[in-house]
Amino acid sequence: MTEPLASAASPRVRKPDWIRVRAPVGEAFSETRQLMRRLNLATVCEEAACPNIGECWTKKHATVMILGDTCTRACAFCNVKTGMPRAVDALEPQHVADAAAELALEHIVITSVDRDDLPDGGASQFVKVIEALRRTTPKTTIEILTPDFRNKADAAIESIVAARPDVYNHNLETVPRLYPTIRPGARYYASLRLLETVKRLDPSIFTKSGVMVGLGEERLEIHQVMDDMRSAGIDFLTMGQYLQPTPRHAKVAEFVTPQTFAAYAAIARAKGFLLVAASPLTRSSYHAGDDFAKLRAAREAQLAKA
């Protein structure tokens with residue numbers, strides 16, 4: 001397979017039938033959008049043009065993106081806008097908690113843009129959000145999806161782990177060979193070490209990571225990423241199809257079939273992940289609440305065997 005390159009002349013390829021979704025409609029969808037606007041919250045569902053937004057928002061499930069809607073990096077796969085972000089919103093943590101309360105969420109996923117401009121990369125805002133959720137909706141389980149906190153990872157990770165989210169997610173996104181073109185601002189092994197550190201600091205926190213396929217990776221490279229994840233103690237693997245957000249982003253090298261996703265999932269389970277979610281439309285926070293329940297059940301079953 002050839003390596004994808006981001007280019008202004010990279011046209012989007014027609015999607016196969018298995019990747020198409022219905023346009024978002026309905027009262028519940030509108031109510032979720034209005035709530036996010038009222039509380040001045042950004043969501044990765046909108047900013048990253050997630051194909052599952054219609055389904056999730058109709059169920060009043062939204063993944064909040066803290067630290068604003070502007071990223072300091074420009075990854076070739078991501079639709080979030082790049083530039084100089086605004087000042088951190090001091091009211092944001094409580095607004096996130098208020099949203100969780102109004103939506104009656106049993107499980108919430110919190111992610112963020114990269115904030116390389118901040119001394120701690122935005123880690124303290126994650127901590128404040130976790131604390132606000134614990135105060136306001138103590139029964140809501142918390143999953144975070146953080147950036148890599150480049151050049152400030154150790155202190156950032158330690159502070160967030162001390163706040164004790166239920167799930168710590170950080171996506172590797174792709175295979176090491178494709179990092180220079182797909183994720184140029186990040187380093188594969190730094191991301192791997194981040195997740196390894198979380199598990200070392202607090203083994204009770206579930207760790208999670210995801211990859212996209214269809215970017216030009218080879219199957220054996222994906223198998224190696226799985227092995228690397230397991231060596232880092234990662235509990236949960238998500239795998240989905242990369243979709244080109246605009247013609248300026250990296251092109252789709254291949255639409256991976258549902259049958260191939262099923263084969264990847266079988267291999268991943270054999271490698272020892274507690275949970276695997278692999279399908280064309282799988283995304284990091286897709287069905288996250290249901291998956292968290294499965295994660296806990298899988299751990300309990302594993303401990304019972306031991």
Just to be sure, is residue 8 at pLDDT below 80, open to solvent by 20 Å² or more (accessible area, probe 1.4 Å) and either small (Gly, Ala, Ser) or outside any loop (DSSP other than H, G, I, E, B) (or both)? yes
Kindly evaluate residue 58 against the criterion of being modelled with pLDDT under 85, hydroxyl-bearing (Ser, Thr, Tyr) and surrounded by 20 or more Cβ atoms within 10 Å (Cβ to Cβ). no
List the pairs whose first member sits in region 226-243 and is farther than 11 Å from residue 276 by Cα, whose second member is charged (D, E, K, R) and part of a helix (DSSP H, G or I), and whose Cβ atoms are under 6 Å apart, counting only residues at least 6 apart or on separate chains? 232/196; 233/199
Filtered residues of region 233-244 (kept if surrounded by 16 or more Cβ atoms within 10 Å (Cβ to Cβ) and part of a loop (DSSP other than H, G, I, E, B)): 234, 235, 242, 243, 244
Among the residues in region 249-259, are any outside any loop (DSSP other than H, G, I, E, B) and open to solvent by 20 Å² or more (accessible area, probe 1.4 Å)? yes
Breaking point among (1) within 19 Å of residue 284 (Cβ to Cβ); (2) of a type in the set (D, E, K, R); (3) out of contact with any Lys or Arg (no Cβ under 6 Å at 6 or more places or on another chain), for residue 114: (3)
Give the residue that is farthest from the chain's Cα centre (by Cα), with candidates limited to residues of region 93-114 that are in a loop (DSSP other than H, G, I, E, B) and surrounded by 23 or more Cβ atoms within 10 Å (Cβ to Cβ). 114
Of the residues in region 61-83, those that are open to solvent by less than 10 Å² (accessible area, probe 1.4 Å) and not in a loop (DSSP other than H, G, I, E, B) come to 64, 65, 66
With 279, 284 as the choices, which residue is at pLDDT below 95 and within 13 Å of residue 208 (Cα to Cα)? 284
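Do we find a residue being closer than 17 Å to residue 172 by Cα and surrounded by 18 or more Cβ atoms within 10 Å (Cβ to Cβ) anywhere in region 287-298?
Among the residues of region 287-298, not one is closer than 17 Å to residue 172 by Cα and surrounded by 18 or more Cβ atoms within 10 Å (Cβ to Cβ), which makes the answer no.
Answer with yes or no whether residue 199 is of a type in the set (Lys, Arg), in contact (Cβ under 8 Å) with a residue 12 or more places away in the chain, closer than 25 Å to residue 144 by Cα and open to solvent by less than 10 Å² (accessible area, probe 1.4 Å).
no
Can you tell me which residues in region 260-276 are without any contact (Cβ under 8 Å) to a residue 60 or more places away in the chain, in contact with a helix residue (DSSP H, G or I) (Cβ under 6 Å, 6 or more places away or on another chain) and either open to solvent by 60 Å² or more (accessible area, probe 1.4 Å) or not β-branched (Val, Ile, Thr) (or both)? Working first, answer last.
Going through region 260-276, the residues without any contact (Cβ under 8 Å) to a residue 60 or more places away in the chain turn out to be 260-273, 275-276.
Among the residues that remain, those that are also in contact with a helix residue (DSSP H, G or I) (Cβ under 6 Å, 6 or more places away or on another chain) are: 268, 271-272, 275-276.
Those that are without any contact (Cβ under 8 Å) to a residue 60 or more places away in the chain, in contact with a helix residue (DSSP H, G or I) (Cβ under 6 Å, 6 or more places away or on another chain) and either open to solvent by 60 Å² or more (accessible area, probe 1.4 Å) or not β-branched (Val, Ile, Thr) (or both): 268, 271, 272, 275.
Residue-wise test of (1) within 18 Å of the chain's Cα centre (by Cα); (2) not in a loop (DSSP other than H, G, I, E, B).
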position	(1), (2)
157	yes, yes
161	yes, yes
171	yes, no
178	no, yes
189	yes, yes
193	yes, yes
199	yes, yes
203	no, no
Sole exception among (1) assigned to a loop (DSSP other than H, G, I, E, B); (2) in contact (Cβ under 8 Å) with a residue 60 or more places away in the chain; (3) open to solvent by 20 Å² or more (accessible area, probe 1.4 Å); (4) not hydrophobic (A, V, I, L, M, F, W, C) for residue 89, by number: (2)
Answer residue from region 205-224, given it is buried (at least 23 other Cβ atoms within 10 Å of the Cβ) and of a type in the set (A, V, I, L, M, F, W, C) and is farthest from the chain's Cα centre (by Cα) among those: 215
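The values are calculated or read from the model by the stated rules, or taken from the named source; none is laboratory data. Just so you know, these numbers come straight off a predicted model, no measurement behind them. Positions of Cβ are backbone-derived with ideal geometry, glycine not excepted, and every protein chain shown enters the neighbour counts. Protein only, heavy atoms only, side chains kept; ligands, DNA and RNA dropped before computing areas. Shrake-Rupley method; radii C 1.70, N 1.55, O 1.52, S 1.80 Å.
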